[in-house]
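Single-structure report; data block below.
The values are calculated or read from the model by the stated rules, or taken from the named source; none is laboratory data. On a predicted model such as this, the values are computed, not experimentally measured, just so you know. Methodologically, a virtual Cβ is constructed for each residue, glycine included, from the backbone with ideal geometry; neighbour enumeration extends over all protein chains shown. Only protein heavy atoms, including side chains, enter the accessible area calculation; ligands, DNA and RNA are left aside. Shrake-Rupley method; radii C 1.70, N 1.55, O 1.52, S 1.80 Å.
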Amino acid sequence: MSRAFVREADVDAIETLPERPVSHHPNFVTAAGLRQIDARLRELEAAREAAAGDAAALARIERDARYWKQRRVSARIIEPPATPLVARFGVTVQLRFPDDTERSFQIVGEDEADPAAGQVSWISPVATALIGRVPGDSVEIFGRRATVIALRA
């Protein structure tokens, strides 16, 4: 195709699409996190086929595929013990606040974190406050004190 038929704005957008930043932390993942990475790669492959001819969409898909392929290669599965004794990667920590409300957080990999669902990245402030805690420990989360009441895999 002749460049006469390509809008300059489209070419510039494709050429300046930045790479997705990759964390400098180890890529720890749960088994579910590894499945999420694999699913994302499959979704991108399907999107690549569906976007044939759309240069901007293909550029975005290729950039995202490079990111997820790198994350797949660097993934290190960390399995929590069946009966955890201490809060660590992969473990779900159940907390009770002084008003008797309870909240649970699972400590997961960076790419699988979903705070609204109670999944927090192992490098987040919440996870950092929880790692190493045992039932009965007091911890400050969101500016409030809470007690660790249970741990589960």
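Computed from point charges on the beta carbon alone (+1 for Lys and Arg, -1 for Asp and Glu), the dipole magnitude for the chain about its Cα centre is near 420 Debye.
Across the chain, Cα pairs under 8 Å and at least six residues apart give a relative contact order of 22 percent. Take every DSSP beta bridge whose two residues both sit in segment 9-153; close to 75 percent of them are antiparallel. Of the residues 83, 30, 16, the one that moves most in a GNM of the chain with alpha-carbon contacts below 10 Å is 16. Summing charges over all other residues whose Cβ lies under 10 Å from the Cβ of residue 80, with Lys and Arg as +1 and Asp and Glu as -1, gives +1.
Comparing 18, 80, 115 in a Gaussian network model of the chain, where Cα atoms under 10 Å apart are tied by springs, the biggest mean-square fluctuation is seen for 18. Solvent-accessible area of the chain (1.4 angstrom probe, protein heavy atoms only): carbon and sulfur portion equals 56 percent. Excluding ligands, DNA and RNA, the accessible surface per residue across the chain is 59 Å² with a 1.4 Å probe.
Measuring only protein heavy atoms, the 1.4 Å probe finds residue 130 accessible over about 0 Å².
For the pair segment 27-54 and segment 84-106, the centres of their Cα atoms are 30 angstrom apart. Label sites at residue 42 and residue 74, each approximated as a point 7 angstrom past Cα along Cα to Cβ, lie 2.5 nm apart.
A Förster distance of 25 Å, applied to the separation of the beta-carbon atoms of residue 104 and residue 31, puts the FRET efficiency at 0.85.
Spacing of the modelled spin labels on residue 144 and residue 66, each 7 Å from Cα toward Cβ, amounts to 4.4 nm.
A Förster radius of 22 Å, combined with the Cβ-Cβ distance separating residue 57 from residue 116, puts the computed FRET efficiency at roughly 0.20.
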